[in-house]
Amino acid sequence: MPSVSTEAPVTTGASAAPSAPDRLTPGDQLAPGGPGYRRMSLALFAAGIATFALLYSTQALLPAISTDFGVTAGQASWTVSAATGALALFVLPLSALSERFGRRTLMTASLAVAVVVGLLVPFAPNLEWLVALRAVQGAALAGLPASAMAFLAEEVRPKALVAAIGLFVAGNSIGGMSGRILTGWVAQAWGWRAALAAVGLLAVACAMIFRAMLPRARNFTSRTLSPRALAKTIWGHLSDPLLLRLYAIGGLFMTVFGAVYTVIGYRLVAEPFNLPQGVVGSVFVVYLVGTVSSAAAGRLVGRLGRRGALYLAVGTTTAGLLLSLSDALAAVLLGLVLITAGFFAGHAVASSSVSRTAKSGRAQASALYQSSYYLGSSAGGTLGAIAFHAGGWAATVSLGLLAVLGVVSVTLYGSRCARVERRRVLAGH
């Protein structure tokens with residue numbers, strides 16, 4: 001079967017083969033229940049696990065890193081922020097390369113480099129080297145998220161797209177959970193360096209599954225890179241009000257998540273909880289809630305609509321932030337459950353909406369979303385740690401509530417714009 005593309009060459013920053021058909025037929029795309037769909041789901045689920053396990057491998061270890069290197073929470077948080085910040089900066093150029101070399105090829109190369117760096121990270125002699133290696137690792141991982149979203153948009157039938165992206169995001173949540181639990185217990189027994197080595201080996205296994213299971217792309221056509229056309233595509237996405245709102249929502253949700261999970265370890269090892277490192281790592285089992293909520297995002301959108309699902313995610317996240325202010329461990333854990341459920345649901349809804357909204361240049365549209373998303377993570381992690389140092393957990397929660405208020409404001413504005421547009425269309429008839 002010849003390769004085809006859903007993207008117009010004028011707007012993607014590349015030129016397609018002139019013989020490619022203009023439209024995909026339903027048989028060209030994967031649908032739930034088919035063997036190709038199952039293989040793709042497993043492959044991207046494994047890639048999602050590796051991405052989040054590697055990207056946030058130092059997050060649960062920050063108290064131990066602070067103690068070993070004699071640095072503050074804010075300084076140690078750069079081992080997380082450097083990785084997410086580098087990913088945010090490199091995701092757009094690497095997504096452009098995926099237009100030339102293919103989503104599958106770029107995802108494979110990115111994961112391979114990130115895994116190799118992950119095996120070197122445990123040997124960093126000081127904080128500066130650790131931060132530098134983590135930045136390289138984040139830059140390498142940048143080839144995965146946007147390319148995966150574009151791959152799904154091209155290879156999966158539109159009606160199954162939200163569910164497929166939800167599974168990829170669910171892999172993120174499993175990776176975040178397993179990486180943190182693994183590092184917590186290994187660090188308690190053998191130190192944080194051994195913990196990072198264990199995450200590296202987990203990522204090796206995931207990378208092997210990914211490469212073995214991912215089916216070949218059937219709906220991709222290689223394009224010659226054109227900087228001028230690429231700039232035009234990016235400008236077109238940044239000029240789209242709906243896409244801009246979705247980028248803002250993703251970044252704001254991730255600001256909350258980054259702040260909470262960067263700082264929570266410091267809170268739980270201190271008074272009044274005094275939890276050991278292994279138990280603190282096990283707290284991240286609440287990521288399983290994110291697996292469920294992200295996978296259920298498609299059903300939420302079907303019942304409540306996109307804005308209704310976002311409002312539900314916002315309400316859940318806000319309730320979790322407020323609960324986490326308690327000094328009762330059960331209330332804090334329930335708060336983390338609600339924050340995690342709200343975040344992953346909101347992220348799955350926003351990211352899948354980007355893929356459906358962008359009619360061309362999907363890789364660049366997804367890359368811009370990922371840039372905003374991970375910039376939010378970097379900002380949340382650093383600002384959350386600074387806030388915690390200055391005013392304790394309450395200050396970190398206040399930062400999270402401000403970000404949630406931003407999501408509400410953006411969504412309300414989008415609703416208002418939609419009403420105005422409907423009235424304009426009705427008046428035109």
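Of the helices (runs of 4 or more DSSP H) lying entirely inside segment 238-316, those containing at least 3 residues that are modelled with pLDDT of 80 or more, open to solvent by less than 20 Å² (accessible area, probe 1.4 Å) and within 19 Å of residue 347 (Cα to Cα) span 241-269. The residues of segment 177-198 that are in contact with a Phe, Trp or Tyr (Cβ under 6 Å, 6 or more places away or on another chain) and either at pLDDT below 75 or surrounded by fewer than 24 Cβ atoms within 10 Å (Cβ to Cβ) (or both) amount to a single one, 181. Within segment 37-45, identify whether any single residue is open to solvent by less than 50 Å² (accessible area, probe 1.4 Å), part of a helix (DSSP H, G or I) and at pLDDT 90 or above, and answer yes or no. Looking through segment 37-45, none of the residues is open to solvent by less than 50 Å² (accessible area, probe 1.4 Å), part of a helix (DSSP H, G or I) and at pLDDT 90 or above.
For residue 113, state whether it is touching a residue at least 24 places away in the same chain (Cβ under 8 Å), among the hydrophobic types (A, V, I, L, M, F, W, C) and open to solvent by 10 Å² or more (accessible area, probe 1.4 Å). The answer is yes for residue 113. Evaluation of residue 129 against the conditions (1) open to solvent by less than 30 Å² (accessible area, probe 1.4 Å); (2) within 21 Å of residue 378 (Cα to Cα); (3) over 22 Å from the mean Cα position of the chain (by Cα) shows that the sole unmet condition is (1). For residue 420, the conditions (1) surrounded by 15 or more Cβ atoms within 10 Å (Cβ to Cβ); (2) without any contact (Cβ under 8 Å) to a residue 24 or more places away in the chain; (3) not small (Gly, Ala, Ser) are fulfilled apart from (1).
Condition check ((1) hydroxyl-bearing (Ser, Thr, Tyr); (2) surrounded by 24 or more Cβ atoms within 10 Å (Cβ to Cβ); (3) touching a Leu at 6+ places or on another chain (Cβ under 6 Å)) across all residues:
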| residue | (1), (2), (3) |
| --- | --- |
| 135 | no, no, no |
| 138 | no, yes, yes |
| 149 | no, yes, no |
| 156 | no, yes, yes |
| 164 | no, yes, yes |
| 169 | no, yes, no |
| 175 | no, yes, no |
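Does residue 229 satisfy the criteria of being open to solvent by less than 30 Å² (accessible area, probe 1.4 Å) and in contact with a strand residue (DSSP E or B) (Cβ under 8 Å, 6 or more places away or on another chain)? The answer is yes for residue 229. Residue count for segment 317-331 satisfying the condition of being open to solvent by less than 30 Å² (accessible area, probe 1.4 Å) and out of contact with any Gly (no Cβ under 7 Å at 6 or more places or on another chain): 1.
The single condition from (1) modelled with pLDDT under 90; (2) in contact with a helix residue (DSSP H, G or I) (Cβ under 6 Å, 6 or more places away or on another chain); (3) surrounded by fewer than 19 Cβ atoms within 10 Å (Cβ to Cβ) that residue 69 fails is (1).
Can you find even one residue in segment 71-86 that is part of a helix (DSSP H, G or I), of a type in the set (Val, Ile, Thr) and free of Cβ contacts under 8 Å to residues at least 40 places away in the same chain? So far as segment 71-86 goes, no, none of its residues is part of a helix (DSSP H, G or I), of a type in the set (Val, Ile, Thr) and free of Cβ contacts under 8 Å to residues at least 40 places away in the same chain.
Cβ-Cβ distances below 8 Å connect the following pairs, each with a first residue in segment 383-412 that is open to solvent by less than 40 Å² (accessible area, probe 1.4 Å), a second residue that is at pLDDT 90 or above and charged (D, E, K, R), and a separation of six or more residues or different chains: 393/267; 410/245; 411/245.
Taking every residue in segment 275-289 that is closer than 14 Å to residue 335 by Cα and pairing it with any residue that is of a type in the set (D, E, K, R), at least 6 positions away or on another chain, the pairs with Cβ-Cβ distances below 9 Å are 283/180; 284/180; 285/180; 287/180. Does residue 366 satisfy the criteria of being out of contact with any Gly (no Cβ under 8 Å at 6 or more places or on another chain), within 23 Å of residue 287 (Cα to Cα), assigned to a helix (DSSP H, G or I) and at pLDDT below 90? No; evaluated as a whole, the condition is false for this residue.
Here is a list of conditions, (1) touching a residue at least 24 places away in the same chain (Cβ under 8 Å); (2) within 23 Å of residue 196 (Cβ to Cβ), and residue 152 meets all of them except one; can you say which number that is? Failing condition for residue 152: (2).
The values are calculated or read from the model by the stated rules, or taken from the named source; none is laboratory data. What you see is a predicted model; the values in this text were computed from it and never measured. All Cβ positions, even for glycine, are placed from backbone atoms using ideal geometry, and neighbour counts span all protein chains on display. Each accessible area value is taken on the protein alone, full model and side chains, heavy atoms only, with ligands, DNA and RNA left out. Shrake-Rupley method; radii C 1.70, N 1.55, O 1.52, S 1.80 Å.
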